[in-house]
Every structure is written in C-alpha cells, then in structure tokens.
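K.L.:
I'd like to ask you about the structure that follows.
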2 protein chains.
Amino acid sequence: MATDQLSATFAALADPTRRAIIARLASGECSVTELAEPFEMSMPAVSKHLRVLEQAGLISRGRDAQYRPCRLEPAPLKEAADWAERYRALWAQRLDRLETYLQEMKAKEKKHGRQSRRK
Amino acid sequence: MATDQLSATFAALADPTRRAIIARLASGECSVTELAEPFEMSMPAVSKHLRVLEQAGLISRGRDAQYRPCRLEPAPLKEAADWAERYRALWAQRLDRLETYLQEMKAKEKKHGRQSRRK
C-alpha cells in the first residue's frame with residue numbers, strides 16, 4: 001500500500017509492538033528469540049512484525065542462516081523526525097498562545113478579586 | 001485497529017495526501033473545497049482522508065454546518081516528533097562512525113598513493 005519511504009516508515013511505526021522492538025534494538029542488536037521473549041508472542045507473530053520493519057528499512061538482518069541478528073537502521077527514523085520537526089514552530093506557537101491566555105485569565109481574576117473585596 | 005494515540009497518529013501520517021493536507025493546514029485553516037482543489041480528488045476521497053486525520057486528533061472541524069473549516073491540531077505531531085527524537089543520538093552516532101570510516105579510507109588511500117609513487 002505504502003509506495004513512498006516516509007509512508008512506509010510511518011505505517012511501520014503505527015504499532016506499539018513494533019515501536020517496542022525498535023526501542024529494544026536501540027540498545028544493541030539481538031536475535032529474534034531474544035526479541036520475542038518480553039512480548040509473550042509467538043515466533044510467527046514476531047517474524048511478521050520484523051518483516052514490516054525490514055521492508056520499511058528500519059531494521060536489517062544478519063546474513064548467518066543460523067543466527068540472523070536484528071539491527072536497527074536509524075536513517076528512516078531521522079527522516080520521520082525531520083518531517084514532524086517542521087511543525088515544531090506551530091505547536092510552540094500554540095503553547096505560547098495558551099500561556100498568554102492563562103496569564104490574562106489570571107490577571108483578570110486578580111482584578112476581579114480586588115473589585116469584589118472593594119464592594 | 002490503532003488503539004493508542006501514537007499508533008493512530010503514525011497510521012494517519014502514513015499517506016502522502018494526508019501529509020500534504022497537514023502541510024496545507026499549517027499555513028492556516030481552510031474549507032474542504034479549498035483543500036480538495038490542489039489534489040484533483042473527489043470530495044468523498046478528501047472527506048475520507050479528513051476523517052482519518054480528525055479521528056487521530058490531527059485536525060479539528062468548525063461547528064458551522066455550512067462552512068466547517070479544517071484546522072490543524074499540532075499536539076499529536078509533537079508526540080510523534082518527541083518519540084522519533086529519542087533515536088537522534090543513535091543516527092548521529094551512526095553518521096559519526098561513517099565519517100570516521102571515510103576519513104580512515106582517505107588516509108589509507110593517501111598513504112597508498114605515496115607508496116605507489118616511491119616504487
């Protein structure tokens with residue numbers, strides 16, 4: 001379905017197990033058996049997730065037929081982060097406006113509080 | 001399918017048209033008709049994409065039944081960027097190693113070049 005790299009990356013990241021696998025591999029390469037352990041998942045289920053990650057270029061597998069360690073390939077993660085970062089200004093602006101609004105509300109409340117006491 | 005917010009966000013971003021809609025809305029809210037124009041898409045197709053974005057909390061729609069402008073909601077984008085940013089150290093490290101390797105190769109080549117000339 002996903003034809004471009006960025007779509008394939010985001011589709012691969014749209015699953016908590018696959019994100020957990022990425023987090024695990026960030027601390028070093030390991031075998032499929034080691035990966036499967038903490039997830040209490042069948043090997044075919046883990047293999048399916050690994051295939052999605054591999055097709056998106058987020059992991060690579062060792063060549064050894066017996067022990068094919070999985071290794072994180074961070075380049076697509078960088079592309080995904082770079083894409084989302086474009087909107088940083090936008091969310092920072094939104095937070096700034098919220099803060100200004102809250103300060104105005106606080107100032108009004110204070111003023112109102114003083115007026116109430118004067119009555 | 002996606003039960004958690006981050007999975008819903010990534011699934012919504014896994015489509016070039018939906019990312020283009022986000023890019024368009026980053027410069028200001030607009031109507032569905034205005035959004036549909038540059039994409040040469042049927043209104044139902046655009047509406048379907050907007051529904052996915054709305055369900056993921058990436059956009060909100062105005063209340064007016066006649067003109068329901070779409071507006072970008074950047075909070076989920078921040079969450080997605082924050083998640084990917086965790087791996088920045090990793091890809092920076094990988095690039096550093098690549099650079100070191102290239103410099104070593106260059107140094108070897110230089111040395112080899114001098115030796116060849118001596119013969």
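Read-outs: derived from the displayed coordinates by stated rules, not from any lab. Quantities reported herein were computed from a predicted structural model and do not represent experimental measurements. Glycine gets a Cβ as well: all are built from the backbone with ideal geometry, and neighbour counts include every protein chain shown.
K.L.:
With every atom except the alpha carbons ignored, what do you get for Rg and Dmax of chain A, in angstroms?
P.N.:
Final numbers for Rg and Dmax: 23.8, 85 Å.
K.L.:
Ok, one more. Measuring label to label, 7 Å along Cα→Cβ, what does A:THR33 give against each other copy in nm, shortest first?
P.N.:
Distances between equivalent label points, in nm: 6.5.
K.L.:
Can you work out which chain A residue has the shortest Cβ-to-axis distance for the rotation that carries A onto B, and give it in Å?
P.N.:
A:PHE10, 2
K.L.:
Which distances, shortest first and in nm, link B:LEU95 to the matching position in the other copies, using label points set 7 Å out along Cα to C-beta?
P.N.:
Distances between equivalent label points, in nm: 2.3.
K.L.:
Nearest 20 debye, what's the magnitude of the dipole of chain A about its Cα centre given +1 on Lys and Arg Cβ and -1 on Asp and Glu Cβ?
P.N.:
Values: 22 positive and 16 negative charges, 281 e Å.
About 1340 debye.
K.L.:
Please state the shape class of segment A:16-66: rounded when a/c is under 1.5, otherwise prolate if a/b exceeds b/c and oblate if not, all from the C-alpha gyration tensor.
P.N.:
It comes out rounded by the Cα gyration axes.
K.L.:
Count neighbours as other Cβ atoms within 10 Å of each site's Cβ, and list the trypsin sites (Lys or Arg not before Pro) in segment A:16-64 that are DSSP loop with at most 13 such neighbours.
P.N.:
Within segment A:16-64, the qualifying trypsin sites (Lys or Arg not before Pro) (loop, at most 13 other Cβ atoms within 10 Å) are A:ARG63.
K.L.:
Here's something else I'd like to know. From the phi of every residue in segment A:86-99, what ³J(HN,Hα) in whole Hz does the Karplus formula 6.51 cos²θ - 1.76 cosθ + 1.60 yield, where θ is phi - 60° and glycine or proline is x?
P.N.:
4, 9, 4, 3, 5, 6, 5, 4, 4, 5, 4, 5, 4, 5
K.L.:
Follow-up question, since we're still on this one. Over chain A, what is the mean sequence separation of C-alpha contacts under 8 Å (at least six apart), divided by residue count, expressed as relative contact order in percent?
P.N.:
24
K.L.:
Sorted from shortest, what are the nm distances separating the label point of B:LYS108 from equivalent points in the other copies, each placed 7 Å from Cα along Cα to C-beta?
P.N.:
Copy-to-copy label distances at B:LYS108, shortest first: 6.9 nm.
K.L.:
What pairs in A:LYS78/B:LYS108; A:LYS78/B:LYS78; A:LYS78/B:LYS110 have C-alpha atoms more than 26 Å from each other?
P.N.:
Distance filter (> 26 Å) returns A:LYS78/B:LYS108; A:LYS78/B:LYS110.
K.L.:
For segment B:17-70, state which GluC sites (Glu not before Pro) are in a DSSP loop and have at most 10 other beta carbons lying within 10 Å of their beta carbon.
P.N.:
B:GLU40
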